[in-house]
Amino acid sequence: MISEKDVKYVASLSRIHLNEEEAKPLAKDLEKILNYVAKLQKLDVKQIAPTSHVLPLNNVFREDIVRPSLTQEETLNMTVDKMNGSFKVPKVIE
Amino acid sequence: MPDEKKQFETVIGLEVHLQLKTKSKIFCGCKNTFGGEPNTQTCPVCLGLPGSLPVLNRKVLEYAIKTGLALNCKINSFIKFDRKNYYYPDLPKAYQISQYDSPVCYDGFVLVPQEKGEEKKIRLTRAHLEEDAGKLMHDHNANCSLVDYNRTGTPLLEIVTQPDIRSAQEAYDYLQILKLTLQYLDVSDCDMEKGSLRCDANISLRVMGEEKLGVKTELKNMNSFKAVKSALLFEERRQEGILQSGGKITQETRLWDENKQMTFTMRSKEEAHDYRYFPDPDLVPFVIEEKAIKGIAENLPELPFDKCNRIKKEYDLSDYDAWVLVGSLETADFFEACAKLHRNYKSVCNWISGPLLQEANARKTGISGLKIEPKRFVEIVKKSEDGSLSNLGAKDVLKQALCSDKSIEQIISEKGLAQVSDDATLEKIADEVIKANLSVVEQIKSGDEKPLGFLVGQAMKKTQGKANPKKIGEIIKRRL
């Protein structure tokens, strides 16, 4: 059972604001989705190693070489709020 | 009923975050250096812009394996990276690339030297790779926080101990030997002030004899090893106070306040810890071959414990002396270079651990920052041994030698520091001192030898410290 509380918790982890009307149908939808996916639980996968990546690739490295970075101006152009060369955000510590 | 006080045992585990000193960051080519102008060392990868792809820096994995081997860890043959999800302004992607269930290193231990040559084993659970977050500064006037993403993507190795540590002092000792080992490996600056080595601590108390761990608190914001020790001592007392009076410990994160010398509950807007780890699809897994591990193992430098034991044996020094010498790699190297030139090892050791390190510490540099090489240093040591320099004179010559390239002979003659050892001169001085201090002489003659030192002191004063004190002492005694 997915409760409205579960929905709100998951939403809060993703910083999504939901009101009561939105949360209720989502609980039902989520439950349907989970039930559908739950079919997989019936499969016997004891002999199968967990997939950690879908590409048949290993050991892709880069060498320890410095490449040019963006300039401060280029970087800060991507934000709406800046101050003293930094990104400006609401205060996070009391 | 008498007020029975319970005996508690302290249980501590430490997490060290170590910045690896590669040239570039862990997953991109941005410069990995401290102190640049804010937001000048970032790129689409470390800023987490859509469409960018992280690629692992080969050197980072090599450093992690090297460190793991030095800390007696097993190295996983298969590793992958996972996303640790949380929202915080210092984390541009809203997830940190870390390692959840396949850390590079696991099951290691650190031997911590104890008194009397004993050692205590602190087990390591794991050491895993992750990326550092950005830096937040809080502007109280503008009521905002400022974010600098230069540090984002700095390679970190997180080294986690088992709860094997039993006191604040033991935690301090563990950190010292860990740092020394890491410095020998040359994988990090290990500078707590610059944040290249950071330490969080978990501490709980349990009734003596109990198996089950008590409720722990996590301590953060300690900016030196001394602060780690103080924070643990404070927290130990605070928890004991609560438990003795029948209260319960709340599991929480507490911040150390260096000014107030207290820990405080962290008030943060950070969510409850629910990180929803999952494998990062942007990075492929890594298979670490036995051959590669062997190659790194063969190139490990001699580590502090081994070096200490070898130096002790090879040069017939005490445990204490050997630890002072291996206290930094350059001190040990300097000693061994000197020992090749002069076989009085104990004397060389004393001159290094005393006067030379004093000068180095006063200048806030290591021995390599001093302008003296083993050859001239040993010359001073030899001259103090054979009496051509007094102890004080030799220290003076050392000071002069540190600020010039002049030969030792030249410094001695220029400063007139040569010790006066010739009999005729010394006898004359002895006579003068005896004449000027007749009452003291009487005292000595009546059997009290204590004031003899006073007479020697007078002779030294007359010669501005240049007289050979042993010799002048003998002459005065003979003349009385």
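Every listed requirement among (1) more than 11 Å from every other protein chain (Cβ to nearest Cβ); (2) free of Cβ contacts under 8 Å to residues at least 40 places away in the same chain is met by B:ILE65 save one, (2). Can you say whether A:ARG67 is over 30 Å from B:CYS144 (Cβ atoms), outside any helix (DSSP H, G or I), charged (D, E, K, R) and at the interface with chain B (Cβ under 8 Å from one of its Cβ atoms), as far as the supplied structure shows? Against the criterion (over 30 Å from B:CYS144 (Cβ atoms), outside any helix (DSSP H, G or I), charged (D, E, K, R) and at the interface with chain B (Cβ under 8 Å from one of its Cβ atoms)), A:ARG67 qualifies. Against the criterion of being at the interface with another protein chain (Cβ under 7 Å from one of its Cβ atoms) and among the aliphatic types (A, V, I, L, M), A:ILE33 does not qualify. The condition of being surrounded by fewer than 18 Cβ atoms within 10 Å (Cβ to Cβ) and closer than 30 Å to B:LYS307 by Cα holds for only one of B:GLU414, B:GLU385, B:GLU432, that being B:GLU385. Evaluating A:VAL54 against the criteria (1) more than 7 Å from chain B (Cβ to nearest Cβ); (2) out of contact with any Pro (no Cβ under 9 Å at 6 or more places or on another chain) leaves one unmet condition, (2). Across the range A:12-25, the qualifying residues are those that are of a type outside the set (S, T, N, Q) and not in a helix (DSSP H, G or I), and the one among them that is nearest to B:PHE81 (Cα to Cα) is A:ARG15.
Let's see how each residue does on (1) surrounded by fewer than 18 Cβ atoms within 10 Å (Cβ to Cβ); (2) over 21 Å from B:LEU180 (Cα atoms):
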{"site": "B:ASP280", "(1), (2)": "no, yes"}
{"site": "B:LEU283", "(1), (2)": "no, yes"}
{"site": "B:VAL287", "(1), (2)": "yes, yes"}
{"site": "B:ALA292", "(1), (2)": "yes, yes"}
{"site": "B:LEU300", "(1), (2)": "yes, no"}
{"site": "B:ILE311", "(1), (2)": "no, no"}
{"site": "B:LEU317", "(1), (2)": "no, no"}
{"site": "B:ALA337", "(1), (2)": "yes, no"}
{"site": "B:SER347", "(1), (2)": "yes, yes"}
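Of all residues in the range B:8-36, those that are away from chain A (no Cβ under 14 Å) and either basic (Lys, Arg) or open to solvent by less than 20 Å² (accessible area, probe 1.4 Å) (or both) total 7.
If you go through the range B:441-468 and keep only what is part of a loop (DSSP other than H, G, I, E, B), under 30 Å from B:VAL397 (Cα atoms) and open to solvent by 80 Å² or more (accessible area, probe 1.4 Å), you end up with just B:GLN464. Would you confirm whether any residue within the range B:167-190 is farther than 30 Å from B:PRO304 by Cα and either open to solvent by less than 10 Å² (accessible area, probe 1.4 Å) or within 14 Å of another protein chain (Cβ to nearest Cβ) (or both)? Within the range B:167-190 (the criterion being farther than 30 Å from B:PRO304 by Cα and either open to solvent by less than 10 Å² (accessible area, probe 1.4 Å) or within 14 Å of another protein chain (Cβ to nearest Cβ) (or both)), the answer is no, since none of the residues qualifies.
Number of residues in the range A:26-64 that are open to solvent by less than 100 Å² (accessible area, probe 1.4 Å) and part of a loop (DSSP other than H, G, I, E, B): the value is 11. Would you say B:ILE288 is within 14 Å of chain A (Cβ to nearest Cβ), closer than 26 Å to B:CYS73 by Cβ and either of a type in the set (Gly, Ala, Ser) or touching a residue at least 24 places away in the same chain (Cβ under 8 Å) (or both)? When the stated conditions are applied, B:ILE288 passes them. Screening B:GLU119, B:GLU158 for residues that are open to solvent by 40 Å² or more (accessible area, probe 1.4 Å) and more than 14 Å from every other protein chain (Cβ to nearest Cβ) leaves exactly one candidate, B:GLU119.
Of the strands (runs of 3 or more DSSP E) lying entirely inside the range B:146-254, the ones with 1 or more residues being modelled with pLDDT under 95 and in contact with a Phe, Trp or Tyr (Cβ under 9 Å, 6 or more places away or on another chain) are found at B:197-207, B:217-222. Residue pairs whose Cβ atoms lie under 6 Å apart, separated by 6 or more positions or on different chains, with the first residue in the range B:125-147 and within 11 Å of another protein chain (Cβ to nearest Cβ) and the second crowded, with 20+ Cβ neighbours inside 10 Å and among the aromatic types (Phe, Trp, Tyr), are B:GLY134/B:TYR149; B:VAL147/A:PHE87.
Criterion applied to B:TYR106, B:TYR149 was being touching a strand residue (DSSP E or B) at 6+ places or on another chain (Cβ under 7 Å) and either surrounded by fewer than 19 Cβ atoms within 10 Å (Cβ to Cβ) or on the phi > 0 side of the Ramachandran plot (or both), and the one residue passing it is B:TYR106.
Answer yes if at least one residue in the range B:193-201 is more than 24 Å from B:GLU240 (Cα to Cα), in the same structural domain as B:LEU255 (by TED's automatic domain parsing), touching a Cys at 6+ places or on another chain (Cβ under 8 Å) and open to solvent by less than 30 Å² (accessible area, probe 1.4 Å), and no otherwise. Taking every residue of the range B:193-201 in turn, at least one turns out to be more than 24 Å from B:GLU240 (Cα to Cα), in the same structural domain as B:LEU255 (by TED's automatic domain parsing), touching a Cys at 6+ places or on another chain (Cβ under 8 Å) and open to solvent by less than 30 Å² (accessible area, probe 1.4 Å).
When restricted to residues that are part of a loop (DSSP other than H, G, I, E, B) and open to solvent by less than 20 Å² (accessible area, probe 1.4 Å), the range B:37-93 contains 10.
Look at B:CYS338 and say whether it is part of a helix (DSSP H, G or I) and touching a Pro at 6+ places or on another chain (Cβ under 8 Å). Yes. One residue stands out among those in the range A:70-91 that are within 24 Å of B:ASN143 (Cβ to Cβ) and more than 7 Å from chain B (Cβ to nearest Cβ): the one that is most open to solvent (accessible area, probe 1.4 Å), which is A:VAL80. Contact annotation: residue pairs with Cβ atoms under 7 Å, 6 or more positions apart or on different chains, pairing a residue in the range B:437-458 that is among the polar types (S, T, N, Q) with a partner that is open to solvent by 30 Å² or more (accessible area, probe 1.4 Å), are B:ASN437/B:GLN458.
The values are calculated or read from the model by the stated rules, or taken from the named source; none is laboratory data. Predicted, not measured: the structure shown is a model, and the values here were computed from it. All Cβ positions, glycine included, derive from the backbone under ideal geometry; neighbour counts span all protein chains shown. The accessibility values were calculated without ligands, DNA or RNA, using every heavy atom of the protein model including side chains. Shrake-Rupley method; radii C 1.70, N 1.55, O 1.52, S 1.80 Å.
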